[in-house]
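The values are calculated or read from the model by the stated rules, or taken from the named source; none is laboratory data. None of the values given here were measured: they were computed from a predicted structure. Glycine also receives a Cβ, built like all others from the backbone with ideal geometry; neighbour counts cover every protein chain displayed.
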Ligand SMILES: C[S@@+](CC[C@H](N)C(=O)[O-])C[C@H]1O[C@@H](n2cnc3c(N)ncnc32)[C@H](O)[C@@H]1O
């Protein structure tokens with residue numbers, strides 16, 4: 001799914017490192033699942049959580065066979081945006097993300113001079129992705145409240161510090177402490193970030209051009225970290 005901070009392009013570089021550590025039947029847990037662009041490439045027991053309730057509603061519906069509409073007018077886009085409570089949550093998720101510029105939540109009705117149909121393209125991509133969501137347990141809420149099966153492999157892809165402005169402010173100190181606690185309690189924890197506190201070790205670096213919006217382009221080194229126990 002097109003999504004801000006998607007790991008689709010770097011999955012091939014970091015997934016093998018994490019999967020090499022995964023034991024048979026071990027749960028793969030993503031507390032910040034976003035567009036499910038990493039978890040959709042993993043097999044076996046999987047749990048994906050995100051604080052964005054409309055995103056999770058869309059992922060659950062897709063997993064269960066929902067086919068999103070292939071035509072969303074500008075009028076409908078703004079009608080859904082102004083009264084989301086009057087529409088099914090999965091439709092709100094679809095319109096708010098997939099029919100917006102850059103896949104940014106209510107980032108403005110997407111259109112271009114060529115007359116591309118963004119809804120049709122989004123729907124097609126999601127139906128394709130849905131085949132890889134079968135069996136995933138999805139949860140909606142803060143990562144801090146997520147109940148994680150014992151000895152899981154946890155892949156964290158939180159909102160990056162000082163880059164994207166997501167809906168809520170994100171406390172990175174609390175997050176790094178949470179990673180320490182999870183590791184000490186027996187989980188294997190990996191984190192995608194640009195930088196980390198000194199007691200975390202970088203296990204992989206990837207040069208990656210991140211595009212946040214049309215005005216800001218930063219070539220940055222994306223890193224995968226683990227806690228040094
Ligand atoms: C960088 S994105 C994840 C992208 C995902 N890995 C992908 O490839 O599509 C970070 C996600 O964290 C979610 N998020 C932000 N704060 C959160 C919180 N406190 N608890 C759970 N999820 C949160 C955002 O809604 C967003 O979907």
Exercise for review: Identify, by number, the condition in (1) away from the ligand (no atom under 16 Å from the Cβ); (2) surrounded by 14 or more Cβ atoms within 10 Å (Cβ to Cβ); (3) at pLDDT below 95 that residue 160 doesn't meet.
Suggested key: (1)
Exercise for review: Just need a number here: residues in the range 1-32 that are out of contact with any helix residue (DSSP H, G or I) (no Cβ under 6 Å at 6 or more places or on another chain), near the ligand (Cβ under 10 Å from one of its atoms) and closer than 17 Å to residue 188 by Cα.
Suggested key: 1
Exercise for review: Give 48, 44 a once-over and let me know the one that is under 18 Å from residue 188 (Cα atoms) and near the ligand (Cβ under 10 Å from one of its atoms).
Suggested key: 48
Practice item. Exactly one condition in (1) over 24 Å from residue 153 (Cα atoms); (2) free of Cβ contacts under 8 Å to residues at least 24 places away in the same chain; (3) outside the structural domain of residue 123 (by TED's automatic domain parsing) is not met by residue 2; state its number. Key: (2)
